[in-house]
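Structure first, commentary second.
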Amino acid sequence: MAAERKKETIRLEPESVIPILKPKLIMTLANLIEHSNDRQEFLKLCKRIEYTVRAWYNLQFEDLMVQLYSLFDPVHGAQKLQQQNLTSQEIDVLEQNFLAYLFQVMDKSNFKITTDDEIEVARSGQYLLNLPIKVDESKLDKKLLKRYFEEHPHENLPDFSDNYVIFRRGIGMDKTTDFFFMEKLDVIISRIWSCFLKITWLDKLRANRSSRHQKKDPKKDDETNPEADNEDFVKSFLSKLTIQEPTFDRMIVVYRRASSKTNLERGIYVKHFKNIPMADMEIVLPEKRNPGLTPMDWVKFLISAVVGLVAVVTSVEMPKADPWVIFAVLSTVVVRLIAELFYFSFQQNMATYQNLITQSMYDKQLDSGKGTLLHLCDDVIQQEVKEVMISFYILMEQGKATLEDLDLRCEELIKEEFGERCNFDVDDAVQKLEKLGIVARDTIGRYYCMRQRHVNGQMC
């Protein structure tokens, strides 16, 4: 039924992130200014804007985030909490304050909470990870985030939001070139299994069962197209293939481990990852269970064993010259081959999973804890500075503009000069320009900038 089909695509709106390094942005804009005196004044203004914006945020981030988080650092936080002699209620208030500041910084950094639809689409594909990965929810705290979202409601929260939250920002692309022998072997196994089900008429039983409303694990959905071009598959088996998958450019996972009977857990984990393929996003999940054979794998093993056993027992009762003996021997060989293929395929998938987990720890994990928070704080400052610089440059070079015109001109500049697309946050940019006192509005509401020399003198 069309209404019950899994979503295969989803539209992700671009975040208001300027994907340009600040030094490159400053020098490119400066080189576009015709007069050398104006160019020098602009460079001087850029430095003063950065100093001012950094001063706005540094005290807030240092006091409210870094110092607060030191109480909930999974490594040393417990000792600091003991030294503070705080009551349980006071600690509850502090941890909720920390989460409130953290979510504000996430919003300022243009991170978004992943929704159920995004998770469903990501998990419906296969890339390098072909095992069903599940979270052991018994090892995760269910009170911290639940209390936060009760006090700070959000739209489109995922089902797992009581246990952990996954933030994402930016979209990229990952490409891998290899022979993918084991993956091709999986296809062969699936085709052999499909033929086996047809010969034994078990496919009808399976079709009746699947017609009921049962949820399938997309990572183990081995359905193949019976009309697939076998000749093309044979040609491609010995050749290298290049596959690609969209990636989440940045992902941050926030969670707390469950408390034990003897120890009340207060640590809050904040982990930062980069370039995570959407179809393999399970590698960032916290407290993952060790993957094993799925119930469907066990069914395949048992059916193969039963069919082989029946064929051997029946052949013993038949005359030696009967063709059934030959069929029984061949059936036993085929069943054993299928079982061994299943086993080797599972072992290879396990090796791939372990390699991906290792890679996520060393290559794809940017930082955790305090390092992640400091990175977020600096990222907010950099984005704010770049928004001010671009919007001021446009007003300086292109003259007065309404809010809509300024938004359009800034996006066009980013696209034409840097070849990047960006949903420019013009409201936030103008708000900071007004706070800095370097823009004003005329009688009909158009924005214009002050003279650079006057602004530089004012900001000294």
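The values are calculated or read from the model by the stated rules, or taken from the named source; none is laboratory data. Keep in mind the model is a prediction, meaning the values are calculated, not measured. Note that we place each Cβ from the backbone using ideal geometry, even for glycine, and neighbour counts take in every protein chain shown. Side chains included, ligands, DNA and RNA excluded: accessible areas come from the protein's heavy atoms. Shrake-Rupley method; radii C 1.70, N 1.55, O 1.52, S 1.80 Å.
Out of region 218-270, which residues are open to solvent by less than 40 Å² (accessible area, probe 1.4 Å), at pLDDT below 55 and not in a helix (DSSP H, G or I)?
Once the filter is applied, which keeps residues that are open to solvent by less than 40 Å² (accessible area, probe 1.4 Å), at pLDDT below 55 and not in a helix (DSSP H, G or I), region 218-270 yields only A228.
Pull out all pairs, ordered by first then second residue, where Cβ-Cβ is under 8 Å, the residues are six or more apart or on different chains, the first lies in region 251-269 and is farther than 21 Å from L86 by Cα and in contact (Cβ under 8 Å) with a residue 24 or more places away in the chain, and the second is β-branched (V, I, T) and open to solvent by 40 Å² or more (accessible area, probe 1.4 Å).
Correct list of pairs: empty, since none qualify.
So, N97, is that one within 28 Å of the chain's Cα centre (by Cα), surrounded by fewer than 17 Cβ atoms within 10 Å (Cβ to Cβ) and either touching a residue at least 24 places away in the same chain (Cβ under 8 Å) or closer than 30 Å to V17 by Cα (or both) or not?
Judged against the criteria, N97 is a match.
Of the conditions (1) modelled with pLDDT of 90 or more; (2) under 16 Å from R168 (Cα atoms), I283 satisfies every one except a single condition; which number is it?
With (1) modelled with pLDDT of 90 or more; (2) under 16 Å from R168 (Cα atoms) applied to I283, the lone miss is (1).
On the basis of being under 30 Å from D116 (Cβ atoms), at pLDDT below 95, open to solvent by 60 Å² or more (accessible area, probe 1.4 Å) and of a type in the set (A, V, I, L, M), does I18 make the cut?
no
How many residues does region 403-454 contain that are buried (at least 16 other Cβ atoms within 10 Å of the Cβ) and in contact with a strand residue (DSSP E or B) (Cβ under 8 Å, 6 or more places away or on another chain)?
Of the residues in region 403-454, 10 are buried (at least 16 other Cβ atoms within 10 Å of the Cβ) and in contact with a strand residue (DSSP E or B) (Cβ under 8 Å, 6 or more places away or on another chain).
Which members of region 76-89 meet the condition of being part of a helix (DSSP H, G or I) and surrounded by fewer than 16 Cβ atoms within 10 Å (Cβ to Cβ)?
The answer is Q79, K80, Q82, Q83, Q84, S88, Q89.
Which condition from (1) over 14 Å from the mean Cα position of the chain (by Cα); (2) in the same structural domain as D280 (by the TED database) is the one that F167 breaks?
F167 satisfies all of (1) over 14 Å from the mean Cα position of the chain (by Cα); (2) in the same structural domain as D280 (by the TED database) except (1).
Could you identify the single residue in D92, D73, D107 that is in a helix (DSSP H, G or I) and surrounded by 15 or more Cβ atoms within 10 Å (Cβ to Cβ)?
That would be D92, the only listed residue that is in a helix (DSSP H, G or I) and surrounded by 15 or more Cβ atoms within 10 Å (Cβ to Cβ).
Going by what's in this entry, would C377 be described as open to solvent by less than 70 Å² (accessible area, probe 1.4 Å), at pLDDT below 90 and closer than 30 Å to Y69 by Cα?
Taking the combined requirement at face value, the residue satisfies it.
Do you know which residues across region 133-153 are touching a Pro at 6+ places or on another chain (Cβ under 7 Å) and buried (at least 18 other Cβ atoms within 10 Å of the Cβ)?
Scanning region 133-153 gives I133, L140.
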